[in-house]
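The values are calculated or read from the model by the stated rules, or taken from the named source; none is laboratory data. Nothing here was measured: the structure is a model prediction, and the numbers come from that model. Cβ coordinates were reconstructed from backbone atoms using ideal geometry, including for glycine residues, and neighbour counts include every protein chain displayed. Note: accessible area is taken over every heavy atom of the protein model, side chains too, but ligands, DNA and RNA are not part of it. Shrake-Rupley method; radii C 1.70, N 1.55, O 1.52, S 1.80 Å.
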Amino acid sequence: MGWEQEIAELRRRQHAAHAMGGPEKLARQHGHGKLNARERLAALIDPGSFREIGELAGFAAYDSDGAMTGFQPSNFLFGLASIAGRPVVASADDFTVRGGAADASLHRKLVDAERLASEYRLPLVRMIEGTGGGGSVRTLEKAGYTYIPEIPGWEHMTANLSKLPVVAMGLGPVAGLGAGRMVMAHYSLLVDGLAQMFVAGPPVVAAAGEHRTKEELGGAAIHAGNGAVDDRVGSEAEAFLRTRWFLSYLPSSVHELPARVPTTDPVERRSDWLIDAVPRDPRRLYPVRPIVETLVDAGSWFEIGREWGTGVVTGLARLDGWPMAIIASNPECLGGLWTAATARKVERMVDLADTFHLPLVQMVDNPGFLIGRRAEEEATIRWGSRALAAIYQASVPWCCVVMRKAYGMAGSGHAPADRFRWRLAWPSGDWGSLPIAGGLEAAYRAELAAADDPAARMAEIKASLDQVRSPFRTAEHYGVEAIIDPRDTRAELCRFAAMAQRALQPGAKSRGLRP
């Protein structure tokens with residue numbers, strides 16, 4: 001006699017697991033315009049590549065004879081899969097079972113997903129839609145006791161940020177532990193209109209006297225604008241596309257280097273309009289995104305964090321096929337001044353680049369830190385100093401292109417000064433410890449007061465200092481390594497990208513404390 005009876009039982013249990021929350025709840029999920037957890041996994045990964053782990057885990061009911069009479073599957077699915085032919089760990093919350101509450105997920109599965117990614121050095125993707133970490137008050141009633149809170153697996157989530165790429169997608173309402181899992185990632189996004197994120201949802205907040213809808217409390221626009229998540233997208237399909245795209249720039253873990261891909265974009269390609277990209281009038285603003293897009297390989301620009309910290313534009317791209325991290329000053333936002341949020345965004349991008357061995361290119365037009373009451377209230381100096389610490393702690397190759405301004409403490413963040421600086425300046429470069437124009441009256445007050453014609457004397461002083469501030473004077477004193485024709489920038493950056501590979505070393509990074 002063989003084991004046919006047990007195989008039949010296996011198939012029955014597999015069928016029950018794949019039924020998820022049942023036809024009614026699956027229909028409700030679709031009625032809200034959302035895919036279910038298994039559909040999401042299929043849409044994200046390479047076709048047919050998912051190998052589920054813990055498929056039979058759940059909560060079964062038995063009759064007096066020991067026969068199973070009912071089964072509620074775990075609402076956390078995970079397993080091995082591939083994305084673009086590369087192995088990953090993929091996980092998805094099943095909102096049709098107990099609203100994605102973590103009390104129904106069997107915590108060991110969530111922890112094992114993190115462990116699997118860590119031990120086998122694989123990227124981890126979390127598709128999150130859940131209502132919290134500890135379930136509801138009913139959970140406590142059923143258990144018959146309460147407990148001091150702890151978060152199973154948080155130590156693994158923390159450690160994985162230093163080991164392997166982690167992506168988190170919010171694909172529905174995300175609260176409590178779900179929100180924590182969202183932000184513990186290198187790249188996170190919410191689907192506009194479908195997903196919201198909060199520490200506690202509207203019913204709990206209402207008990208405290210604040211009445212908000214889910215969108216008002218924690219809609220995607222709120223968190224894409226404050227930096228709690230990196231981006232918001234218009235659909236689940238776009239979320240899957242951006243996840244695959246993001247991972248394409250990174251190694252599977254810190255123990256590998258990012259891979260080069262073939263490109264047909266010529267290294268020597270010139271964009272003639274770059275000669276006019278920076279206006280001669282220093283008060284005129286200009287868009288930086290077209291500059292970035294024309295310098296990198298065609299179609300490779302992947303912007304991250306478009307809606308927050310808008311004093312800089314950050315993202316990933318390729319130069320002659322090599323993956324790179326990009327930070328570019330955005331003169332159209334406060335002239336490129338660093339606010340507290342901008343400094344936080346710089347720090348986050350530098351850490352991503354340094355962790356995963358991505359050479360960094362910085363396009364600089366930085367007049368300094370924001371000043372005034374707002375700057376003081378936002379603790380700009382604290383966050384600015386953290387960004388500068390991140391820059392100096394980074395060990396990846398670093399190239400900066402000074403397009404126009406580089407002033408003060410923030411301007412000093414154009415490159416770490418404690419190692420070789422690969423600095424390319426455009427003829428429009430203008431730098432110093434403080435803008436000359438802002439300090440003339442104070443510096444020459446006595447001389448101007450004694451002049452027969454103060455206005456004429458001021459004009460003479462300005463003309464003289466305009467010669468002093470010439471980037472060519474700086475180059476004479478080896479204060480900048482090269483001044484280049486803006487139209488040659490792509491070729492110069494591609495040469496840097498190729499040379500940078502010689503300085504990259506796989507492995508985990510260790511960093512000191514930041515202020």
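Orientation-averaged projection of segment 410-513 equals 10.3 nm² [convex hull of Cα atoms, one quarter of hull surface area].
With 23 Å as the limit, write out which pairs from K405/K509; K109/K345; K34/K214 have Cα-Cα distances beyond it, or answer none.
K405/K509; K109/K345
Answer rounded, prolate or oblate for segment 370-413, using the Cα gyration tensor with square roots of eigenvalues a ≥ b ≥ c: rounded when a/c is under 1.5, else prolate when a/b is larger than b/c, else oblate. Oblate, because a/c is 1.5 or more while a/b does not exceed b/c. What separates the Cα centres of segment 213-257 and segment 384-425 is a distance of 27 Å. As a length-normalised measure over Cα pairs under 8 Å and 6 or more apart, the relative contact order of segment 169-314 settles at 21 percent.
Pairs of Cα atoms in the chain fall into 10 Å distance bins, from 0 up to the last occupied one, in shares of 4, 17, 25, 22, 15, 9, 5, 2, 1, 0, 0, 0 percent.
Grab the other residues whose beta carbon is less than 9 angstrom from that of M20, score K and R as +1, D and E as -1, and report the net.
Net charge around M20: +1.
Only Cα pairs under 8 Å and at least 6 apart count here; give the relative contact order of the chain as a rounded whole percent. Relative contact order comes out at 9 percent.
In the context of the full set of protein chains, the chain has a per residue accessible area of 47 Å² (1.4 Å probe). Would you work out what percent of the accessible area of the chain, with all protein chains in place, is carbon or sulfur (probe 1.4 Å)? Accessible surface attributable to carbon and sulfur in the chain totals 56 percent. Here the Karplus relation 6.51 cos²θ - 1.76 cosθ + 1.60, evaluated at θ = phi - 60°, turns the backbone of segment 451-462 into coupling constants of 6, 5, 10, x, 5, 5, 5, 4, 4, 5, 4, 4 Hz, with x for every Gly and Pro. Given segment 311-437, what percent of its DSSP beta bridges are antiparallel, to the nearest 5? So the antiparallel bridges in segment 311-437 amount to around 30 percent. Taking each DSSP H run with n ≥ 4 as -39500 (n - 2.57) and averaging over every residue of the chain yields -10500 deg cm²/dmol at 222 nm. Fully extending the segment from A27 to R289, taken as 0.36 nm per residue of separation minus the present Cα-Cα distance, adds 90.1 nm.
For the chain, the longest principal axis of the C-alpha atoms and the axis of helix 4-18 are separated by about 50°. Rounded to whole Å, give me the distance from the Cα center of segment 1-70 to that of segment 468-515. Each part reduced to its Cα centre gives a spacing of 54 Å. Each residue of segment 239-249 was assigned a 3J(HN,Hα) from its phi angle through the Karplus curve 6.51 cos²θ - 1.76 cosθ + 1.60 (θ = phi - 60°); the sequence is 4, 5, 4, 5, 5, 5, 5, 4, 5, 5, 8 Hz, with glycine and proline shown as x.
A simple spin-label model places the labels of A463 and K509 4.9 nm from each other, with each point 7 Å out along Cα-to-Cβ. Less than 5 angstrom separates the built amide H of I83 from those of D46, V88, all sequence-distant by 5 or more or on a different chain. Distant-in-sequence amide contacts of I483, defined by a placed amide H-H separation under 5 Å and a gap of 5 or more residues or a different chain, comprise A425. Looking at the chain, the DSSP beta bridges with both ends there are about 40 percent antiparallel. Computed from Cα atoms, the angle from the helix 107-119 axis to the main principal axis of the chain rounds to 50 degrees.
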